[in-house]
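Written below as structure tokens is the structure these notes are about.
Every read-out reported here was derived from the displayed coordinates using simple, explicitly stated rules and does not represent laboratory data. Note that the coordinates shown come from a computational prediction; the quantities given were computed from them, not determined experimentally. As a convention, Cβ positions derive from the backbone with ideal geometry for all residues, glycine included, and neighbour counts pool all protein chains shown.
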Amino acid sequence: MQAQTPVADDQATVDALIQRMTLAEKIGQMTQVEKNSLQPEDVTTYFIGSVLSGGGGTPAVNDTANWAQMVKTFQDATLATRLRIPLIYGVDAVHGHNNLHGAVIFPHNVGLGAADDPSLVREIGHITARELLATGVHWNFAPAVSVPQDIRWGRSYEGFSEDTQRVIDLSAAYVDGLQDAKRRVLASVKHFVGDGGTSWGTTQRYEWLTGNWQAPGDSFKVDQGDTQVDEETLRAVHLAPYKTAIEAGAQNIMVSFSSWQGLKMHAHRYLLTDVLKGEMGFEGFLISDWMAVQQIDRDFYTSVVHSINAGLDMIMVPYDFKTFITEITRAVEAGDIPMSRIDDAVRRILKVKFWLGLFKNSAAHYDLIPEVGSEAHRKVARNAVAKSLTLLKNNLGTLPLSRNAKVFVAGKAADDIGLQCGGWTITWQGESGATTIGTTLVQGLRENVEEEEQIVFSADGNFEGVAGGGERAQAAIVVVAEPPYAEGFGDNKDLTLSAEDVALIEKMRTLSDKLIVVLLSGRPLLIADSLALSDAFVAAWLPGTEGAGVADVLFGDKPFTGKTSFSWPRSIDQVPLSALKASEEAPLFPLGYGLS
């Protein structure tokens with residue numbers, strides 16, 4: 001995998017273009033705005049360099065054609081500027097084009113880590129790029145190359161593994177697939193650096209900011225916290241994936257909300273400029289995370305100065321872009337930000353835009369529209385689901401299921417696309433229900449038996465009066481799930497199954513000869529008691545829209561091949577990973593465990 005760097009002619013063109021640009025035009029290129037916070041004419045007036053859709057940032061009618069039109073409206077506004085510099089539109093397509101209704105949704109990275117198949121991950125990146133390009137989106141805020149060390153973290157499922165080498169292998173493959181030389185989408189490798197190593201209880205509260213950071217309960221207790229490790233550990237565990245990603249062609253890196261030893265990454269000149277751009281030779285551009293610059297200091301001017309001088313090239317404002325433009329302009333005119341730093345940032349941004357081919361064609365790839373959510377793409381996702389499934393227990397050959405068996409299926413999650421997909425699906429936090437197009441586990445099971453009536457489903461496990469119920473089943477499947485969540489709202493110090501799910505497992509134990517538990521989760525949970533009640537236990541992670549892939553393996557059409565990409569603790573006393581390593585007791589399941 002060779003980095004595709006801008007050619008010399010592009011560099012010369014960029015230098016010539018910068019010489020023609022005014023300060024306002026340069027600062028516009030450094031500004032990224034959330035799509036609901038500006039009008040297309042603002043793109044023209046302020047020379048905006050990038051627009052983004054956050055989680056759930058969809059057009060009023062959420063389909064491919066309206067996405068393409070929405071992006072085109074902003075892109076067309078750049079044609080009315082003096083220099084006609086195209087903007088780059090970005091989204092968080094972290095497991096497929098997951099904001100778009102009808103797009104194929106792949107397993108979250110935690111599941112792909114269990115599959116541990118770089119060629120599959122490369123193909124997923126390639127397909128995601130094609131579905132993005134069909135809507136005119138040329139920038140994907142993925143992959144996360146986080147190395148989660150504490151499964152209480154609400155972003156654990158965005159990480160491929162707690163193991164650095166597995167993260168290196170899979171994230172490099174994803175970058176390579178996304179940035180195909182012919183149909184190229186810009187990868188944003190994130191979050192630099194150490195976001196997976198933060199300590200519980202270190203997330204700061206900002207009295208000058210409102211919103212997520214004031215969330216009650218366990219929310220935002222480790223997400224965006226402080227990584228309290230020495231530099232040797234930071235480099236070995238958390239920095240290493242960035243080196244490989246750069247070698248694979250990464251041209252953009254997103255900076256982390258988190259801190260290292262008390263200093264916010266967005267103000268960390270040593271790591272951003274000296275290490276990343278200097279020592280590691282990164283030639284692309286750095287983007288901030290959502291409102292993260294405002295965490296640096298109560299005074300926004302000070303925050304802007306520190307972040308730009310530290311090495312940030314583009315700022316995800318994302319709302320009040322006019323204030324940002326005013327303050328950065330004032331800082332340059334006052335000499336607090338040198339013009340050389342502005343020119344360096346703009347040069348990096350423009351080089352990437354040339355590399356993407358945006359100056360030649362910034363439009364949607366309309367010929368790709370028929371591929372969005374296509375059967376061919378869903379087939380790849382279904383295979384990814386099957387490869388991710390991890391068999392934790394299988395007494396006396398409980399699995400595979402017989403196609404002649406009568407099977408009771410219980411649990412709302414067995415017939416719920418939203419719970420299968422988890423967070424970052426149609427909306428930021430994700431939702432339960434039929435949120436998009438796909439196949440549930442129940443539908444997949446019914447596809448695999450001779451008579452649909454063999455699969456008897458009851459969400460609450462009450463089979464009295466249900467067609468096919470009223471008698472003991474040869475086998476029962478209970479599907480339990482974490483509720484959807486994203487980022488700090490998923491921080492959780494408990495990690496136990498809900499009381500409702502535990503009661504359902506206990507109930508179904510009495511109604512069947514063999515009990516199979518399927519767990520949908522973004523991380524290992526504390527399951528020891530439920531594991532003891534089951535005859536077979538399957539970690540299905542967050543499989544996405546193709547629930548039939550789970551059924552393929554339960555019936556033996558495909559083998560169990562998934563291996564845990566995270567150590568599985570016996571109790572909360574073995575969380576975080578450092579506590580497990582210090583424990584005298586072995587984990588419930590070690591890293592790399594999985595029956596076949």
Want the number for Asp529 to Asn462: 0.36 nm per residue separation, take away the alpha-carbon distance, what's left?
21.9 nm
If one takes the longest principal axis of the Cα atoms in the chain, at what angle in degrees, from 0 to 90 and to the nearest 10, does the Cα axis of helix 300-310 lie?
90
Relative contact order computed over the stretch 389-582 (Cα-Cα under 8 Å; 6+ residues apart), in percent:
31
Output for the stretch 214-273 (equivalent-ellipsoid semi-axes, sqrt of 5λ from the C-alpha gyration tensor, Å, descending) is 24, 14, 12
Among Ser578, Ser50, Gly196 - extreme Cα towards positive end, dipole of the chain, charges at beta-carbon
Ser50
Helical mean residue ellipticity (222 nm; -39500 (n - 2.57) per DSSP H run of 4+; nearest 500) of the chain
-9500 deg cm²/dmol
Calculate, for Ala405 and Asp367, the FRET efficiency according to 1/(1 + (r/R0)^6) with r their C-beta to C-beta distance and R0 56 Å; round to the nearest 0.05.
0.75
Which loop trypsin sites (Lys or Arg not before Pro) in the stretch 67-162, with loop taken from DSSP, have no more than 11 other Cβ atoms within 10 angstrom of their Cβ?
Arg82, Arg84
Roughly how far apart, in whole Å, are the Cα centres of the stretch 89-150 and the stretch 13-87?
23
Full extension from Trp200 to Ser583: what is 0.36 nm times the residue separation minus their Cα-Cα distance, to one decimal in nm?
136.0 nm
Would you work out the charge dipole size for the chain about its Cα centre, treating the Cβ of every Lys and Arg as +1 and the Cβ of every Asp and Glu as -1, and quote it to the nearest 20 debye?
1020
Compute the distance from the alpha-carbon center of the stretch 474-529 to that of the stretch 153-174, in whole Å.
24
What is the helix-to-structure angle for 8-20, meaning the angle in degrees between its Cα long axis and the longest Cα principal axis of the chain, kept from 0 to 90 and rounded to the nearest 10?
60
Ratio of the Cα radius of gyration of the stretch 389-582 to 2.2 N^0.38 Å, where N counts its residues:
0.99
Measure of size requested: the Rg and Dmax of the stretch 13-124, with Cα atoms as the atom set and Å as the unit; please supply both.
17.3, 51
Computed for the stretch 389-582: size of charge dipole around the Cα centre, +1 on C-beta of each Lys and Arg, -1 on C-beta of each Asp and Glu, debye to nearest 20, value 700
Over the chain, what portion of Cα pair distances is larger than 39 Å, expressed as a whole percent?
28
Counting other Cβ atoms within 10 Å, keep those with at most 15, restrict to DSSP loop, and tell me which trypsin sites (Lys or Arg not before Pro) in the stretch 337-439 are left.
Lys360, Arg403
Do any chymotrypsin sites (Phe, Trp or Tyr not before Pro) in the stretch 135-209 lie in a loop, going by DSSP, with at most 11 other beta-carbon atoms within 10 Å of their beta carbon, and if so which?
Trp208
Pairwise FRET efficiency - Arg84 versus Arg570, Cβ, R0 = 45 Å, nearest 0.05
0.15
Quote to one decimal, in nm, the extra length available between Trp208 and Glu375 on full extension: 0.36 nm per residue of separation minus the C-alpha distance between them.
55.2 nm
Tilt, helix 375-388 to longest principal axis of the chain (alpha-carbon atoms), in degrees rounded to tens, equals 70
